[in-house]
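Written out below as structure tokens is the structure these notes cover.
The values are calculated or read from the model by the stated rules, or taken from the named source; none is laboratory data. Keep in mind the model is a prediction, meaning the values are calculated, not measured. Cβ sites come from the backbone with ideal geometry, for glycine too, and all protein chains shown count toward neighbours. When the accessible area is computed, the model is the full protein with side chains, heavy atoms only, and any ligands, DNA or RNA have been set aside. Shrake-Rupley method; radii C 1.70, N 1.55, O 1.52, S 1.80 Å.
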Amino acid sequence: QEGKGIGLDSLSDDQEQMTEDELLQRKQQKQNLVAVAEAFNEKPFKQAWIEKAVELEILDTVENAKGVAQILYMASNLDKAKVGEYLSKGPEEDYPFNTKVRQFFISMFDFTEMGFAAALRLFLSKFRLPGEAQCIDRFMEGFANELYRQQGGDNSFFKNSDAVYVLSFSTIMLNTDLHNPMINDENRMTKQQFINNNRGINGGEDFPPEYLSLLYDQIKEQQIQVQRDVGEFMKKEEDDEDFRSAWDSILAKHREVAAASFTPAGQARRNIYKAGIHDREMFTVLVRYLRLCLPAVFARSMDDVIVFKTLRGLKQMAMCADYFDMPDLVNDTIEHLLVEGREYVVNVIIQEHSHVAHHHDARETQSVSSRSLGSVATTEDDESAADDTTYADEEKFDSQIPYSLLSTGKGYSEIDYTGASNHRGLLAMDTGFLLVRRYARKVITAWPIFIECLCAMRDARALPKGLSELDDFADANGNVLPLSPYARVSQKRLDDFYTIRGDPEGKNRLNPNYLGGLEKEQSWFSKLWRGSESSRKVVKSHEEYDADNMSVMDFGRRGPQKNAASEAVNALLAVAEEGNVERIVQMGSTKLPVAEQTIRSLMDVVDDFPYSNDPVAEQHAIFSLELAARALLSNRERAVEIFPLFLKKFESVLGKIEEKRIPSPFVIERIVVTILRCSIHLYDIEELRPNLRVSLHLLVMSIPKNFIKEVADRMACGLAIILRASFPFFESHNEWTFMGDTLDTLANFASARVFVFDGIASTVECAVPQGPEPKNGRVEVGFVDDDDDD
């Protein structure tokens with residue numbers, strides 16, 4: 001049954017003027033066609049996609065071979081390889097419907113006024129030839145018959161269709177021979193060889209040598225290849241050569257499109273135009289391809305100007321999406337930019353650790369006295385010796401940082417695109433932070449990757465100090481308590497992890513007992529973020545470190561030597577400060593209606609506890625917990641409903657502690673500090689007090705004494721503050737007993753004793769009423785009447 005497609009003819013009609021209803025109808029037809037194409041791509045040899053076409057009134061029946069051919073000829077976003085497989089099915093007795101569709105499909109081409117090379121190029125642009133010889137033969141036979149028929153039959157330049165058939169095969173072989181990168185230039189087919197190979201194929205006669213010579217030149221100058229739809233090549237893993245050829249194919253499509261007419265820029269700026277319903281519909285159609293095309297070009301192009309212009313396109317796409325109330329697209333765009341930025345930050349961290357570790361190793365070789373890894377070289381010779389090594393990917397950072405393209409570069413008089421491709425991640429981070437700040441109230445699904453970026457930037461020491469530091473307790477003089485052994489070990493493991501990632505061959509002598517042995521089959525980035533368990537174990541466990549005789553990397557005291565990675569760190573810090581990320585975090589916690597969702601996403605990392613073989617996840621969990629605590633304390637009015645989320649997570653983590661082994665002890669320490677901070681700031685909320693009491697009891701009951709010893713100063717300081725500030729809210733004898741017994745236990749540790757005594761003394765001083773002023777050198781003592789309501 002031939003039939004014809006319903007709703008397809010209007011798409012190819014050349015109508016100069018159409019009514020509004022006709023335009024909307026045509027748009028709907030195109031959307032239906034895209035839906036059918038997606039169904040075809042999923043299961044081309046099942047009946048479901050044809051049934052969908054009938055359901056959407058594109059076809060009248062499932063037996064409509066002509067209508068199916070129209071779909072495969074006209075629909076965009078079709079998988080060209082699957083189109084080729086579907087159309088080449090045979091033989092005819094086994095696949096009669098596919099054969100009919102192929103015949104109708106080939107008849108839709110217009111070869112009337114075309115030369116042979118142009119006709120073959122047009123024909124092969126609509127599908128990808130299958131690999132089987134029989135399938136190729138069916139296509140070439142159909143092409144030969146149709147070209148011969150359209151170009152005059154017996155009056156054609158070709159003697160018969162067989163001549164077209166043989167020349168088609170010969171030209172395809174020539175195309176492969178001339179453009180296959182695996183063939184050496186000296187082994188490629190020459191023009192004379194091509195002419196000789198095609199003698200006598202035109203009905204027993206030769207084609208004119210000039211004709212074959214011109215055909216050879218046409219194929220050599222322009223390869224015959226499948227024409228790509230926008231975004232199609234973005235979905236596949238291809239090498240750079242495939243990317244360039246596919247991109248050239250897309251750019252060539254501009255010849256098929258009429259020149260656009262735009263309002264002059266100056267006039268557009270002087271007038272404010274309100275977008276209408278059709279503008280939104282147009283943007284919806286365009287963005288289907290832009291959201292695939294722009295990110296792929298941005299990630300893969302090595303042209304500095306194209307990288308920046310593509311980034312600007314992503315930013316403008318997000319702005320338009322916000323205007324048209326498309327929050328999902330805003331979040332998708334931000335997420336893509338921040339993923340690029342995170343990868344850049346991690347690469348910077350690795351280069352920075354490699355550089356510092358190399359300096360340390362070079363100085364040790366010269367018998368310099370032991371010092372911190374960040375110590376300053378004492379001689380020029382030391383500095384020069386330490387600067388001789390170039391690490392993997394460091395050339396990328398050696399290129400000029402494009403400050404004029406950043407938000408911080410507004411003072412530059414000229415725009416310089418140099419370095420945009422090498423520092424695209426930096427530019428992406430800058431734009432991503434800008435969009436998060438601008439559309440903070442709409443950031444939902446992109447919030448987790450934003451937090452991941454903050455964690456990575458903290459690892460790079462590229463966050464403002466007030467944001468990156470963990471809130472902690474201080475003594476009576478305002479001095480922050482010294483780092484616990486758990487904190488020093490956790491930071492050391494993180495530094496060693498990044499150092500090993502930057503030195504997979506184990507060339508540095510840092511921690512020689514366990515360097516090296518990394519898997520080679522994964523990229524450094526994939527191993528870093530999704531690494532196998534075995535790759536994590538190259539970093540020692542907590543128990544293997546000697547916290548009392550250990551230094552950590554100090555990037556703040558590097559002295560006069562500089563490197564490209566440290567310059568990138570400075571640029572990242574400038575981006576963070578310009579983006580005001582600290583204010584973004586505050587907005588995410590206090591001003592958004594999704595505060596609970598934000599805190600929940602921050603606390604989800606706790607579910608992965610413990611992190612024994614994953615120092616990166618451990619540090620990121622600690623920082624996420626810190627941000628979640630700040631968010632909670634900034635949302636006092638919602639603390640009653642939010643704090644139970646914390647309590648549930650803490651119960652889960654503390655329930656995994658054993659008497660003799662405490663996994664990820666620094667995480668436990670930060671949970672202790674968080675519970676104490678929450679009790680200090682929120683104990684005055686009556687509805688929340690029961691949960692706060694549960695959390696405090698949880699600490700005492702869950703944590704073994706050997707762990708309390710290392711954090712006794714923090715526990716004593718926190719409990720002393722709670723006692724001093726909240727004793728009026730102690731409602732029962734049990735609360736006083738708990739506080740007294742706990743402080744009594746902590747007083748056994750020297751580091752905690754001063755806080756216990758100060759806390760008790762301060763509370764007594766506040767609680768006991770002061771006597772009246774002396775009169776005539778005498779003090780009148782009064783008593784408090786318990787029955788006095790005053």
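Brief remarks on what is shown
- Per residue, region 28-174 exposes 45 Å² of solvent-accessible protein surface, assessed with a 1.4 angstrom probe and all protein chains in place.
- Anisotropy class of region 626-763 from Cα gyration tensor, a/c 1.5 cut: oblate
- Remark: region 26-114 carries a charge dipole of roughly 280 debye about the Cα centre, counting +1 on each Lys and Arg Cβ and -1 on each Asp and Glu Cβ.
- Carbon/sulfur fraction of accessible area - region 308-349, other protein chains in place, 1.4 Å, %: 48
- Just the protein heavy atoms count here, and of the accessible area of region 119-226 at 1.4 Å, carbon and sulfur take up 47 percent.
- Peptides 441-449, 673-681, ordered by how many other C-beta atoms sit within 10 Å of their residues on average, highest first, read 673-681, 441-449.
- With a threshold of 28 Å on the Cα-Cα distance, the over-threshold entries among Lys82/Lys191; Lys27/Lys315; Lys442/Lys492; Lys315/Lys648; Lys30/Lys442; Lys66/Lys126 are Lys82/Lys191; Lys442/Lys492; Lys315/Lys648; Lys30/Lys442.
- Peptides ranked, highest mean first, by Cβ atoms within 10 Å: ranges 340-351, 628-639, 133-144: 340-351, 628-639, 133-144
- Zone of Asp741's modelled label, taken as backbone nitrogen in region 671-713 under 17 Å from a point 7 Å along Cα→Cβ: 693-705
- Most to least packed among 486-493, 452-459 [average Cβ atoms within 10 Å]: 452-459, 486-493
- Carbon/sulfur fraction of accessible area - region 622-774, other protein chains in place, 1.4 Å, %: 55
- Amide hydrogen proximity for Asn202: with H placed 1.01 Å from N in the peptide plane, the residues at 5 or more positions away or on another chain lying under 5 Å are Phe207.
- Take region 416-470 with all the other protein chains still there, run a 1.4 Å probe, and you get 30 Å² of accessible area per residue.
- The modelled label-to-label distance for the pair Gln316/Thr176, using points 7 Å beyond Cα in the direction of Cβ, is 4.3 nm.
- Taking every protein chain into account, the accessible area of region 676-767 amounts to 46 square angstrom per residue (probe 1.4 Å).
- Radius 12 Å from Cβ of Arg188, net charge of other residues (Lys, Arg +1; Asp, Glu -1): -1
- Prolate/oblate/rounded call for region 88-220, Cα gyration tensor, a/c under 1.5 rounded: oblate
- Region 100-223, dipole about Cα centre (Lys/Arg Cβ +1, Asp/Glu Cβ -1), debye to the nearest 20: 380
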